[in-house]
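One structure is given below, encoded as structure tokens.
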Amino acid sequence: MPKHNDPVAHLRRDLKFEAELAGSHYRFSTTWGLFSPRGVDNGSKLLLRHIKVPTEADCLDLGCGYGVLGVVLARLAPGGHTTLVDKDFVAVDYAQRNLTGNGLTNGEALLSNGFDAILDRRFDVIVANLPAKVGKELLTIYLHDALTTLRPGGALWMVTVTGLRRFIERMSKEVFGDYDKVKQGPHYTVAVARKRG
């Protein structure tokens with residue numbers, strides 16, 4: 001328990017912010033140590049400006065952090081179920097809190113190292129804000145696991161730093177036989193790979 005004269009008590013408190021995303025208003029709680037804790041990162045914003053989600057879709061937010069993409073997916077697809085996964089238990093806790101805090105009952109946040117805990121599930125839409133630092137080996141595993149867990153006709157939406165674009169394009173074509181660059185900005189690229197039906 002923190003002492004009464006805790007010099008960092010203010011840093012231990014949850015960070016809170018609000019955001020307009022994909023036409024709706026959201027409130028988020030987060031904490032230091034999670035990705036982009038003071039506001040929605042530009043890569044996620046770019047992805048959410050371009051993604052198309054059927055209202056009945058079962059969705060997955062891979063590497064959800066505190067849940068920005070998954071929370072928005074749950075609202076965009078009220079007739080489906082949205083799963084948010086992360087390997088960081090703190091991220092999963094905040095993602096679940098943010099689903100609840102935004103009044104969303106059609107989603108859940110789970111602890112999973114990539115797809116490991118959810119390989120038996122099937123999805124119509126997968127979103128991933130892919131970090132460059134995890135290495136190309138892990139990104140390759142993610143693409144193969146996404147293909148396995150997508151239903152025929154399903155889509156993997158990805159946002160990456162633009163420096164990863166060529167690798168993602170090459171691997172998407174190799175794994176999915178499909179790749180579409182949706183939007184390329186100066187720093188981020190949004191792309192989609194679809195599983196053929």
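The values are calculated or read from the model by the stated rules, or taken from the named source; none is laboratory data. These numbers were taken from a predicted model, which means no experiment stands behind them. Positions of Cβ are generated from backbone atoms using ideal geometry, with glycine treated the same way; all protein chains shown enter the neighbour counts.
If a residue counts only when it is under 14 Å from the mean Cα position of the chain (by Cα) and surrounded by fewer than 20 Cβ atoms within 10 Å (Cβ to Cβ), which strands (runs of 3 or more DSSP E) contained entirely in region 27-139 have at least 3 such residues?
Of the strands (runs of 3 or more DSSP E) lying wholly inside region 27-139, those with at least 3 residues that are under 14 Å from the mean Cα position of the chain (by Cα) and surrounded by fewer than 20 Cβ atoms within 10 Å (Cβ to Cβ) span 107-111.
Can you name the residue in region 1-26 that is in a strand (DSSP E or B) and hydrophobic (A, V, I, L, M, F, W, C) and is also nearest to Gly154 (Cα to Cα) among such residues?
In this case the residue turns out to be Leu21.
If I filter region 154-170 for residues that are farther than 23 Å from Asn42 by Cβ, of a type outside the set (Lys, Arg), surrounded by fewer than 21 Cβ atoms within 10 Å (Cβ to Cβ) and modelled with pLDDT of 95 or more, do I get at least one hit?
no
Of all residues being polar (S, T, N, Q) and part of a helix (DSSP H, G or I) in region 140-173, which is nearest to His187 (Cα to Cα)? Just the residue, please.
Going through the qualifying residues, I end up with Thr162.
Give me the residue from region 176-197 that is more than 18 Å from the chain's Cα centre (by Cα), modelled with pLDDT of 95 or more and within 15 Å of Pro152 (Cβ to Cβ) and, out of that set, surrounded by the most Cβ atoms within 10 Å (Cβ to Cβ).
The selected residue is Lys195.
Scanning region 140-164 for residues that are over 15 Å from the mean Cα position of the chain (by Cα) and hydroxyl-bearing (Ser, Thr, Tyr), which turns out farthest from Lys195 (Cα to Cα)?
Restricting to residues being over 15 Å from the mean Cα position of the chain (by Cα) and hydroxyl-bearing (Ser, Thr, Tyr), the top hit is Thr162.
Do you know which of the residues in region 1-26 that are of a type in the set (Asp, Glu) and in contact with a Lys or Arg (Cβ under 8 Å, 6 or more places away or on another chain) is surrounded by the most Cβ atoms within 10 Å (Cβ to Cβ)?
Taking the candidates together, the pick is Asp6.
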